Every structure is written in C-alpha cells, then in structure tokens.
Amino acid sequence: MKKKFKIGVIPGDGIGRDVIKAAQILLDTVNDTADDFSMDFLKMDTGDAAVAKYGHPFPKETIDGIEASDAVLFGAAGNPHTQDVLMGFRLGFDLYANVRPIKSLPGTKALHPNADFIVVRENTEGLYCGVGYIDRDHHVNLRIFTTKAMERILHFCFELAGKRERKKVTFTHKAHVLTYTDEPMRVIFYEIAREYPDIEAEDMTIDACAMQIVMHPERFDIVFAENANGDILSDVGAGVIGGMGFAYSGNIGDSKAVFEPVHGTAPKYADKNVVNPSAAILAARMMLDWLGETGIAGKIGEALTDVLEEGKVRTYDLGGNASTTDFAEAVSGRFRQI
Ligand code: IPM
Ligand code: MN
C-alpha cells in the first residue's frame, strides 16, 4: 500500500508566495511519479493573509493544521508578523533544532566550490527567549540557556554528524567573556562528545569561526551555534555559497518539523514571479528526506543541480531572465527524466 503524507503548505508573506508556488510545481510532479507514497496538501495561512481571514497572523486554524500535518513547508514571514509567526511555530511546537545546510552548487556565485557544512542553530532559547525589561535607562534582553535544551541540541548535532561522511562537530561560543553561559555549555559539549568517540569534536570562538567560514569553509562539517549567533553565522554561510537564494532550513523537533527558505519576504520582488526558488525547492527536498523518502529527495537535489549546472534557465540573480515558475518547471522536467 502507498504511504500517505499530509503536508502543510504555508506561503506566508511576500516572495514566500512566489517560491512556495514554485516548490509546489515540483511536489506535484513528485506526487505524479512516486510509486510508494503520495502527499495530500493542506494549504494554510500566516501573516497578512491570515490577518485578513482570521484576524491573527498565526491563527488557531493554522496551529491546528500544523498539528495535523506530518511535515510543513513554509515560505516567509514579514513585518510586522515575523515574531508572531516564526516564534509561533519554533517555540509553539518546540522545534529546537534549526538546521541550515550550506553547500556550494554549480552555476552559482559561490565563493568556494566545496563548502559543504551544516549550521545547527539552537532554536528556542538564548536572546530569542523574549525575556527582558526596560527600567529607566536600562534596556535588557536576557540570554537564557537551560542545561536540558543545550544537552538535547548537542546530542542532535552529534547524531547528525554520525550520519555524515566527515563526522565532526564544531562548538562555537564566546566562553572567555560569557562565563555564566558559554563556558559551562562548552564543558557540557565535551562531556557529550565523550559519548560519540567516532566523531571529532572541536570548539572555536564565534568570531574566529565566522572568519574561517569565509576563508576555509571546507574545514567544517556540523557547526553548532546558540540562537542569535546561529542566525548570523548561517547568513555568513549563505554569503559563501552565493547568497540567500540557496539558503534553506529545517526547524526540527522530536516529532514535528517546518521547512523553510531563509531569505525572508523580500517585499520589493513579491508576486513578480522573478525570484530564484532554489531555497524553497531545497527546503522541500529536505522535508522529504526528513520524512524518510531519501531516494526522491536525492533525485530533487540532482535535478536542481543539473539545471543550475546547465545554466540555460537562470533567474535574474544568476544573470538570466527566467521566471520563478520557468525555473521550477525546468527542475520538474529534469526530475521526471532521472
Ligand atoms: C531567520 C530570520 C529570523 C531570525 C528573523 C526574521 C526573526 O532572520 O530565520 O534567520 O532571526 O530567526
Ligand atoms: Mn536570519
């Protein structure tokens, strides 16, 4: 019997609409061709569309829909809804690992041809915990870490490294100054590392790591960073592989996951059908991988790489004038041939 997946699809705001439409072209092709599974799509709203329909940017209808889905593909959240929507699913569903692969692809403006590492960003704590106060001239955002959350994300990093060829985890920090948080977390990191003798463990200050990523990305495999540092570091990585057009992510918890391109809403390009949908297509690939459909996921990656390498269908950021949907159709066409 064919497996059936319920896939939540949330375009969100801005170019989220363009790129999710493009990813959907590919997912429909997968549905047409896959022998052992099929997907039912549950379209949901966040942001402006949700405010118009339900009066809230992250409404109960969407929360229930995510709850009912096996996995979710999400486009983008823009101002003023960013916090409600992104924190809504990251914190609301305890999606504690923000997994952001950084891989050079052919036919792009990657600064190095062989970057292939993953930034794992802790997704629920640190400066993003939303705790703070203003008292006269004191403006305070607390940077809170719990031992429990740090232990689970570090186990996640080592488990992920174990599935990869290089098997290395780099713990980033500012331990010499952040003595209440980063230094004890660095100690926990090496304690957990002892449970994984086959995996290389190293630590590096976050500033040094940012520089090394720009100069020698090939030396990294899994790079762990706490929430705010991981946000910055993953954009540094995106720059190394030619920009946000190829930056994608999975917000992953123990049983739920939301996959999203990292580029945001780019309002100036919204609904123009011109942006590069590669990141959304890669997010869809990552989603199928997470669902266990590794064969199909691999084929999507191959089809995208082939289209980029061939360079006939290029969106404006790659020096061409193909539309978002042209590009998605080219990837779907190639997918059918593999
Ligand atoms: C990201 C974004 C968000 C973040 C913003 C929009 C709140 O930059 O997903 O990387 O900082 O997490
Ligand atoms: Mn960011």
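The values are calculated or read from the model by the stated rules, or taken from the named source; none is laboratory data. Note that the structure is a prediction, hence the values are computed from the model and not measured. We place every Cβ from the backbone using ideal geometry, glycine too, and count neighbours over all the protein chains shown. Side chains included, ligands, DNA and RNA excluded: accessible areas come from the protein's heavy atoms. Shrake-Rupley method; radii C 1.70, N 1.55, O 1.52, S 1.80 Å.
Residue-by-condition table, conditions (1) at pLDDT below 95; (2) within 16 Å of ligand 1 (Cβ to nearest atom); (3) touching a Cys at 6+ places or on another chain (Cβ under 9 Å); (4) among the acidic types (Asp, Glu):
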position	(1), (2), (3), (4)
TYR180	no, no, no, no
ILE188	no, no, no, no
TYR196	no, no, no, no
GLU202	no, no, no, yes
MET211	no, no, no, no
HIS216	no, no, no, no
ASP221	no, no, no, yes
GLU226	no, yes, no, yes
LEU233	no, yes, yes, no
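Can you list residue pairs whose Cβ atoms sit under 6 Å apart, with the first residue in segment 222-237 being within 17 Å of CYS157 (Cα to Cα) and the second being near ligand 2 (Cβ under 10 Å from one of its atoms) and assigned to a helix (DSSP H, G or I)? Count only pairs 6 or more apart in sequence or on different chains.
ALA225/LEU233
Considering (1) buried (at least 22 other Cβ atoms within 10 Å of the Cβ); (2) outside any loop (DSSP other than H, G, I, E, B), say which one GLY14 fails and leave the rest.
(2)
Against the definition (away from ligand 1 (no atom under 16 Å from the Cβ) and not in a strand (DSSP E or B)), how does THR124 come out, yes or no?
So THR124 does not fit the description; no.
With the structure loaded, tell me whether PRO101 is in contact (Cβ under 8 Å) with a residue 12 or more places away in the chain and either within 30 Å of GLU218 (Cα to Cα) or within 16 Å of ligand 2 (Cβ to nearest atom) (or both) or whether it fails that test.
Yes.
Mind checking which residues of segment 68-83 are more than 15 Å from ligand 2 (Cβ to nearest atom), surrounded by fewer than 17 Cβ atoms within 10 Å (Cβ to Cβ) and not in a helix (DSSP H, G or I)?
Result: PRO80, single match.
Inspect segment 223-230 for any residue being touching an Asp or Glu at 6+ places or on another chain (Cβ under 6 Å) and not basic (Lys, Arg) and give the result as yes or no.
Yes, the conditions are met somewhere in segment 223-230.
Among ASP48, ASP35, which is in a helix (DSSP H, G or I) and either in contact with a Cys (Cβ under 6 Å, 6 or more places away or on another chain) or not β-branched (Val, Ile, Thr) (or both)?
None of the others qualify; the one that does is ASP48.
For the structure I just gave you, tell me whether ILE63 is β-branched (Val, Ile, Thr), within 24 Å of ASP289 (Cβ to Cβ) and modelled with pLDDT of 95 or more.
no
Report, by residue number, each residue of segment 129-178 that is touching a Leu at 6+ places or on another chain (Cβ under 9 Å), within 22 Å of SER249 (Cα to Cα) and modelled with pLDDT of 95 or more.
VAL169, PHE171, THR172
So which of LEU304, LEU282, LEU291 ends up being under 27 Å from LYS2 (Cβ atoms) and open to solvent by 20 Å² or more (accessible area, probe 1.4 Å)?
One residue alone meets the criteria, LEU291.
Give me a count of the residues in segment 252-262 that are near ligand 1 (Cβ under 9 Å from one of its atoms) and surrounded by fewer than 24 Cβ atoms within 10 Å (Cβ to Cβ).
Result for segment 252-262: 1.
Being within 16 Å of ligand 1 (Cβ to nearest atom), in a helix (DSSP H, G or I) and within 21 Å of the chain's Cα centre (by Cα) is the requirement here; does LEU86 meet it?
So LEU86 passes the test.
Of all residues being open to solvent by 60 Å² or more (accessible area, probe 1.4 Å) and touching a helix residue (DSSP H, G or I) at 6+ places or on another chain (Cβ under 8 Å) in segment 189-245, which is nearest to ARG121 (Cα to Cα)? Just the residue, please.
ILE232
Suppose we filter ILE118, ILE102 for residues that are open to solvent by less than 10 Å² (accessible area, probe 1.4 Å), outside any helix (DSSP H, G or I) and of a type in the set (A, V, I, L, M, F, W, C); which single one remains?
It is ILE102.
TYR269 versus (1) open to solvent by 30 Å² or more (accessible area, probe 1.4 Å); (2) within 16 Å of ligand 2 (Cβ to nearest atom); (3) more than 23 Å from ARG152 (Cβ to Cβ): which is the lone unmet condition?
Failing condition for TYR269: (2).
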